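These notes are about the structure you will find just below.
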Amino acid sequence: MKVKSMFCVMMLSLLLLLLAGCSTGEELTEWAAGKANDALEVVGGGVQEVIDDLHDAEYQGGPFENNLDAARAYLLEQMQEKYGIEFTVVGDEDLENYGLFAGATYTCEVAPVDAPEQVTTALVSQSMYQDVRDSYAVYFFKEEAEAPVLALCESKDYVIDQRISLEMPGTEKAWTAEDGLERFLLESGAYVKLVLRFTDDLDTETYATYLYDFLNSVGPLKCNLLLQAKANKIYIFHEELDILGDFDAGTYTVENLKQEIETFLSMGAPQ
């Protein structure tokens with residue numbers, strides 16, 4: 001029974017690691033889950049207690065203690081070292097302990113003390129992400145990256161409004177303005193999120209014609225797009241456009257765009 005219990009603990013530990021974001025892929029996650037289930041069947045009672053103990057255990061040797069004050073101070077210090085300016089927490093703090101092996105992860109919204117409107121999400125952990133991960137670098141390139149997209153929208157009479165924002169995944173890399181927009185857009189995973197607003201109460205073929213024209217106009221842009229379109233306060237289109245990669249507007253037709261819009265509408269697209 002002792003050997004079986006140790007086996008169970010090992011499998012459960014691996015599963016907790018995977019669930020905490022340490023997975024190397026979906027297949028490995030499924031394999032670990034299967035092994036843990038096998039162990040549960042073998043060992044029987046007391047398993048929930050083992051799970052709880054593993055989850056509640058404290059990670060040893062992390063860069064901050066498992067409490068909000070320590071985590072907050074560490075993250076703010078990391079942000080200041082990374083960008084050379086002072087930051088403050090402006091909202092949405094969360095400290096989650098993932099147990100003995102993964103430790104605690106702290107996330108929050110921060111902004112520079114002198115620019116409170118420049119809000120970004122930041123994350124640190126006691127184990128995997130000891131160097132802060134954030135997306136603050138969008139503010140170095142925001143205006144320059146968004147301007148061509150805005151100009152394209154304003155050139156289309158059927159776009160009655162638009163919402164544009166430069167986005168990027170959280171990263172440990174310390175981007176600076178000196179890196180330049182072109183390199184930033186090519187290497188950071190950044191993209192422009194664009195939500196188009198069309199006139200309400202038009203037929204789907206008209207909306208499809210609008211989208212067809214717009215999709216055949218984005219080629220000159222030097223950024224990837226997450227393109228969405230709305231009418232009647234619901235989304236009728238959502239697609240990632242790899243403009244810096246293999247995007248090909250020739251794959252679209254008015255007919256297939258019309259079908260896609262109809263599919264969105266039939267599914268009750270989120271408002």
Per the filter on segment 161-190, residues of a type in the set (Asp, Glu) and either buried (at least 16 other Cβ atoms within 10 Å of the Cβ) or not in a loop (DSSP other than H, G, I, E, B) (or both) are Asp161, Glu167, Glu178, Asp179, Glu182, Glu187
Tell me which residues, restricted to segment 68-98, are in a loop (DSSP other than H, G, I, E, B) and without any contact (Cβ under 8 Å) to a residue 24 or more places away in the chain. Gly84
Going by what's in this entry, would Glu154 be described as open to solvent by 40 Å² or more (accessible area, probe 1.4 Å), more than 23 Å from Glu117 (Cα to Cα), without any contact (Cβ under 8 Å) to a residue 24 or more places away in the chain and under 19 Å from the mean Cα position of the chain (by Cα)? no
Go through segment 220-249 residue by residue and tally those that are assigned to a loop (DSSP other than H, G, I, E, B), within 22 Å of the chain's Cα centre (by Cα) and touching a residue at least 24 places away in the same chain (Cβ under 8 Å). 6
Output for segment 191-203, where each listed residue is open to solvent by less than 30 Å² (accessible area, probe 1.4 Å) and within 17 Å of Lys233 (Cβ to Cβ): Val195, Leu196, Phe198
Whichever residue in segment 250-259 is touching a residue at least 24 places away in the same chain (Cβ under 8 Å) and assigned to a helix (DSSP H, G or I) and, among such residues, is surrounded by the fewest Cβ atoms within 10 Å (Cβ to Cβ): Glu255
Just to be sure before I move on: is Glu81 out of contact with any Ser or Thr (no Cβ under 7 Å at 6 or more places or on another chain), charged (D, E, K, R) and modelled with pLDDT of 75 or more in the structure I sent? yes
If we ask which residues in segment 86-109 are under 14 Å from Asp69 (Cα atoms) and acidic (Asp, Glu), their number turns out to be 3
Kindly indicate the residue of segment 99-147 that is in contact (Cβ under 8 Å) with a residue 60 or more places away in the chain and over 15 Å from Glu172 (Cβ atoms) and also most open to solvent (accessible area, probe 1.4 Å) among those meeting that condition. Phe101
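The values are calculated or read from the model by the stated rules, or taken from the named source; none is laboratory data. This is a predicted model, so every value here is computed, not measured. Note that each Cβ is placed from the backbone with ideal geometry, even for glycine, and that neighbours are counted across all protein chains shown. SASA here: full protein model, heavy atoms, side chains in, ligands and nucleic acids out. Shrake-Rupley method; radii C 1.70, N 1.55, O 1.52, S 1.80 Å.
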